[in-house]
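Here the structure is laid out as structure tokens; the discussion comes afterwards.
The values are calculated or read from the model by the stated rules, or taken from the named source; none is laboratory data. Given the structure is predicted, the values throughout are model-derived calculations rather than measurements. Ideal geometry is used to build each Cβ from the backbone, glycine not excepted, and the neighbour counts take in all protein chains shown.
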Amino acid sequence: MPLFRAIWFSVGICALGLGVLGAFLPLLPTTPFVLVAAFAFARSSQRWHDWLLSHRFFGPLIEDWRAHGAISRPTKAVAALSMIAVFSLSVVMHASALVLTVQAIVLTASAIFVLSRPTPPFGD
């Protein structure tokens, strides 16, 4: 069993790293990677799992998702504005039609997913 714990721990570390990067890079989402990290740490390291759940930024994301499948309004706003900014920058930089088409499809699908998630109930 230690091999599987090591694999899950590695997945958790990688996912958490990508989630942290996603907080700063517009096309890389934060929430899905943090959720994967929580899932992986639950199977590999109680200490890391507890730390992630008690983290002041990541903990609420996980709790809102677990309890309600929800994404907070501020998170939705940042995600939407980031997507608009990235696409606008690509247009200004005269990206090729293929790049703009792929970006438009991916960003539209991402925006639909993020914006269609419920908002956590007030007080939870």
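From the list A85, A97, A70, which one is at pLDDT 90 or above and among the hydrophobic types (A, V, I, L, M, F, W, C)? If you could, list the steps in order and put the result at the bottom.
Details: A85 fails: at pLDDT 90 or above; A70 fails: at pLDDT 90 or above.
Residue meeting the stated conditions: A97.
Out of L61, L89, L98, I need the residue that is aliphatic (A, V, I, L, M), within 16 Å of T31 (Cβ to Cβ) and out of contact with any strand residue (DSSP E or B) (no Cβ under 8 Å at 6 or more places or on another chain). Which one? Break it down stepwise before answering.
Values: L89 fails: within 16 Å of T31 (Cβ to Cβ); L98 fails: within 16 Å of T31 (Cβ to Cβ).
Criteria check complete, one pass: L61.
If you check W65, W48, which single one turns out to be modelled with pLDDT under 95 and among the aromatic types (F, W, Y)? Step through it out loud before you land on a result.
Values: W48 fails: modelled with pLDDT under 95.
On inspection, the qualifying residue turns out to be W65.
Considering the range 36-58 alone, what residues qualify as being more than 19 Å from F4 (Cα to Cα) and either in contact with a strand residue (DSSP E or B) (Cβ under 9 Å, 6 or more places away or on another chain) or surrounded by 16 or more Cβ atoms within 10 Å (Cβ to Cβ) (or both)?
First, the residues of the range 36-58 that are more than 19 Å from F4 (Cα to Cα): 50-58.
Listed by number, the residues that qualify are L52, L53, F58.
Within the range 74-99, which residues are surrounded by 15 or more Cβ atoms within 10 Å (Cβ to Cβ) and closer than 20 Å to P60 by Cβ?
Those that are surrounded by 15 or more Cβ atoms within 10 Å (Cβ to Cβ) and closer than 20 Å to P60 by Cβ: T75, K76, V78, A79, A80, S82.
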